[in-house]
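Q: Got a structure for you, written out below as structure tokens; questions coming shortly.
The values are calculated or read from the model by the stated rules, or taken from the named source; none is laboratory data. Remember, it's a predicted structure, so these values are computed and weren't measured experimentally. Counting neighbours? That spans all protein chains shown, and the Cβs are built from the backbone with ideal geometry, glycine included. For accessibility, only protein heavy atoms count, side chains too; no ligands or nucleic acids. Shrake-Rupley method; radii C 1.70, N 1.55, O 1.52, S 1.80 Å.
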There are 2 protein chains.
Amino acid sequence: MKKLIIASTSTLHGGNYLEYILPELTHFFEGKKSLLFIPYARPGGISHDEYTAKVREAFSQIGMSVSGLHEYGNLIEAIKSAEAIFTGGGNTFLLVSQLYKFKVMDVLAETVKSGTPYLGSSAGSNITGLTMQTTNDMPIIYPPDFRTLGLIPFNLNPHYLDADLQSKHMGETRETRIKEFHQFNSIPVLGLREGSWLEVKGETIILKGDLSARLFRQGKEAEELAAGSDVSLIGR
Amino acid sequence: MKKLIIASTSTLHGGNYLEYILPELTHFFEGKKSLLFIPYARPGGISHDEYTAKVREAFSQIGMSVSGLHEYGNLIEAIKSAEAIFTGGGNTFLLVSQLYKFKVMDVLAETVKSGTPYLGSSAGSNITGLTMQTTNDMPIIYPPDFRTLGLIPFNLNPHYLDADLQSKHMGETRETRIKEFHQFNSIPVLGLREGSWLEVKGETIILKGDLSARLFRQGKEAEELAAGSDVSLIGR
């Protein structure tokens with residue numbers, strides 16, 4: 001059975017890395033001793049080793065050991081034999097480019113579909129959707145495709161941000177950007193605010209955390225979904 | 001001689017479309033009666049006709065007639081024979097995709113290089129750089145290439161926004177995003193704040209408007225350039 005936690009962000013303002021979600025992760029990864037970390041998104045250009053060390057420190061608090069995918073010679077085998085997988089945030093264009101370059105996009109999708117528990121945050125959450133087209137990231141590298149893991153039947157916008165009505169900035173709001181996506185694409189988009197996550201168990205998807213999420217569908221008004229909502233039917 | 005105005009934004013907060021820059025445009029387009037408008041970026045999914053009508057209204061104030069590139073059968077001929085060209089803002093991924101689809105990227109670059117005055121705003125400014133990789137836009141459509149017109153020897157980040165130090169949002173700041181770009185690319189990036197524009201005359205590029213701009217170079221500290229600065233040497 002598919003098991004995922006898909007988090008908007010790794011870190012809340014004023015908190016430590018993964019701190020707000022560690023209690024949930026203790027439960028989610030129960031019985032798992034080791035975690036395979038996919039560091040390719042490299043936020044701010046941090047190295048794979050540095051990023052993996054940061055994750056190792058966080059998971060040591062719940063008694064799990066961490067290895068980085070970059071440490072392996074046979075990446076496909078590393079993914080297939082992982083007890084649990086975590087893809088961290090950073091730049092989604094970079095992450096997707098690397099997953100294609102190393103030919104692990106398909107095996108990652110298959111492995112998670114067959115039941116290996118998966119945690120994503122930010123860019124690592126973005127790729128659980130059908131495409132990466134509702135990322136907030138800058139296109140710093142040209143990926144061979146925008147299609148991603150397709151572990152949920154819609155797209156995500158992590159770090160979803162409401163328009164600042166006091167702002168004098170004339171750049172597009174997040175909502176405007178997602179509406180532009182729907183001029184050309186019919187895939188629903190769920191805007192996940194920081195502190196929210198999706199819990200996926202098989203075909204059931206529940207919105208967790210204390211905040212509502214904002215659902216955008218082509219040709220429809222945007223809609224607020226309360227914390228705790230069953231969002232399994234979006235995109236089906 | 002190359003002649004361009006490359007504006008961060010079309011509109012300032014509280015102002016009308018192009019209002020803040022119309023006095024400059026009167027001077028820039030002196031002697032030109034007609035303008036070819038490239039509406040492909042379609043902000044918010046507005047139609048080509050609607051977008052062209054909006055531009056027509058603005059330019060009627062300075063006595064110029066406007067036609068949309070989408071109205072022509074022979075796009076290459078339309079570009080080559082234009083008295084003046086304006087590419088409006090919207091989504092850069094869409095704009096670049098359309099320019100490649102209609103095979104007009106090269107002829108547009110050549111035409112502007114040979115002296116047809118060019119105005120860009122936002123996405124229409126982004127494409128004057130070497131690549132579109134420092135756009136703020138969402139990848140709503142997959143373009144065949146990230147390379148753009150290369151009319152200036154660096155990249156732009158229009159609508160440049162300083163970090164909000166009061167914000168509790170954990171998404172990347174604009175500066176962080178541009179630094180991520182420089183992990184993989186050596187092209188300098190000029191962050192143009194709303195109300196700023198570049199005036200290009202031949203190989204001379206001057207920062208105009210009242211605000212400073214922020215220059216990012218690979219491996220160097222970001223730098224503020226005062227309004228009025230000669231920025232011709234960036235990227236050379």
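Q: Looking at segment B:1-105, what helices (runs of 4 or more DSSP H) fall wholly within it and have at least 1 residues that are under 26 Å from A:GLU172 (Cα atoms)?
A: B:22-28, B:48-60, B:92-101
Q: Name the residue that is nearest to the other protein chains (Cβ to nearest Cβ), counting only residues in segment A:169-191 that are among the hydrophobic types (A, V, I, L, M, F, W, C) and surrounded by 21 or more Cβ atoms within 10 Å (Cβ to Cβ).
A: Of everything passing the filter in segment A:169-191, A:PHE181 is nearest to the other protein chains (Cβ to nearest Cβ).
Q: Further question on the same structure: Right, B:HIS13: within 14 Å of chain A (Cβ to nearest Cβ), within 21 Å of B:LEU94 (Cβ to Cβ) and open to solvent by 30 Å² or more (accessible area, probe 1.4 Å) or not? Break it down stepwise before answering.
A: Numbers: within 14 Å of chain A (Cβ to nearest Cβ): yes; within 21 Å of B:LEU94 (Cβ to Cβ): no; open to solvent by 30 Å² or more (accessible area, probe 1.4 Å): yes.
So B:HIS13 fails the test.
Q: I've got another one for you. Considering A:GLY129, A:GLY115, which residue is open to solvent by 10 Å² or more (accessible area, probe 1.4 Å) and either assigned to a loop (DSSP other than H, G, I, E, B) or within 30 Å of A:GLU77 (Cα to Cα) (or both)?
A: A:GLY115
Q: Would you confirm, using the coordinates I've provided, whether B:LEU18 is in contact (Cβ under 8 Å) with a residue 60 or more places away in the chain, within 14 Å of chain A (Cβ to nearest Cβ), open to solvent by less than 70 Å² (accessible area, probe 1.4 Å) and out of contact with any Leu (no Cβ under 9 Å at 6 or more places or on another chain)? Explain how you work it out, then say what you get.
A: Working: in contact (Cβ under 8 Å) with a residue 60 or more places away in the chain: yes; within 14 Å of chain A (Cβ to nearest Cβ): yes; open to solvent by less than 70 Å² (accessible area, probe 1.4 Å): yes; out of contact with any Leu (no Cβ under 9 Å at 6 or more places or on another chain): no.
So B:LEU18 fails the test.
Q: Could you list, in sequence order, all residues of segment A:132-154 that are facing chain B (nearest Cβ under 8 Å) and open to solvent by 30 Å² or more (accessible area, probe 1.4 Å)? Please lay out each step first, then the result.
A: Residues of segment A:132-154 facing chain B (nearest Cβ under 8 Å): A:132-142, A:145-146.
Result: A:ASN136, A:ILE141, A:TYR142, A:ASP145.
Q: Still on this structure, I have one more. Restricting to segment A:49-81, what's the tally of residues that are under 21 Å from A:GLU110 (Cβ atoms), of a type in the set (Val, Ile, Thr) and surrounded by fewer than 19 Cβ atoms within 10 Å (Cβ to Cβ)?
A: Matching residues across segment A:49-81 total 1.
Q: Sticking with this one: Quick one: in segment B:132-144, of everything that is hydroxyl-bearing (Ser, Thr, Tyr) and out of contact with any Ser or Thr (no Cβ under 6 Å at 6 or more places or on another chain), which residue is farthest from B:LEU95 (Cα to Cα)?
A: Checking each candidate, the answer is B:THR134.
Q: Which ones in segment B:155-168 are under 22 Å from the mean Cα position of the chain (by Cα), within 11 Å of chain A (Cβ to nearest Cβ) and not polar (S, T, N, Q)?
A: Those that are under 22 Å from the mean Cα position of the chain (by Cα), within 11 Å of chain A (Cβ to nearest Cβ) and not polar (S, T, N, Q): B:PRO158, B:HIS159, B:TYR160, B:LEU161, B:ASP162.
Q: For segment B:83-91, indicate whether the set of residues that are farther than 28 Å from A:GLU180 by Cα and either open to solvent by 10 Å² or more (accessible area, probe 1.4 Å) or within 12 Å of another protein chain (Cβ to nearest Cβ) (or both) is non-empty.
A: yes
Q: Let me ask another. When only residues in segment B:97-112 that are open to solvent by less than 20 Å² (accessible area, probe 1.4 Å) and out of contact with any helix residue (DSSP H, G or I) (no Cβ under 8 Å at 6 or more places or on another chain) count, which is nearest to the other protein chains (Cβ to nearest Cβ)?
A: Here the residue is B:SER97.
Q: Just to be sure I understand, how many residues within segment B:11-58 are in contact with a helix residue (DSSP H, G or I) (Cβ under 8 Å, 6 or more places away or on another chain) and of a type in the set (Gly, Ala, Ser)?
A: Residues in segment B:11-58 being in contact with a helix residue (DSSP H, G or I) (Cβ under 8 Å, 6 or more places away or on another chain) and of a type in the set (Gly, Ala, Ser): 4 in total.
Q: When segment B:143-180 is examined, which residues are found to be over 25 Å from B:ILE85 (Cα atoms) and either in contact (Cβ under 8 Å) with a residue 24 or more places away in the chain or in contact with a strand residue (DSSP E or B) (Cβ under 9 Å, 6 or more places away or on another chain) (or both)?
A: Hits for segment B:143-180 are B:LEU161, B:ASP162, B:ARG174, B:GLU175, B:ARG177, B:ILE178, B:LYS179.
Q: Taking the options B:GLU203, B:GLU194, name whichever one is at the interface with chain A (Cβ under 7 Å from one of its Cβ atoms) and touching a residue at least 60 places away in the same chain (Cβ under 8 Å).
A: B:GLU194
Q: If I ask for residues that are more than 13 Å from A:SER60 (Cα to Cα), open to solvent by 40 Å² or more (accessible area, probe 1.4 Å) and touching a residue at least 12 places away in the same chain (Cβ under 8 Å), which ones from segment A:21-34 would you list?
A: A:GLU24
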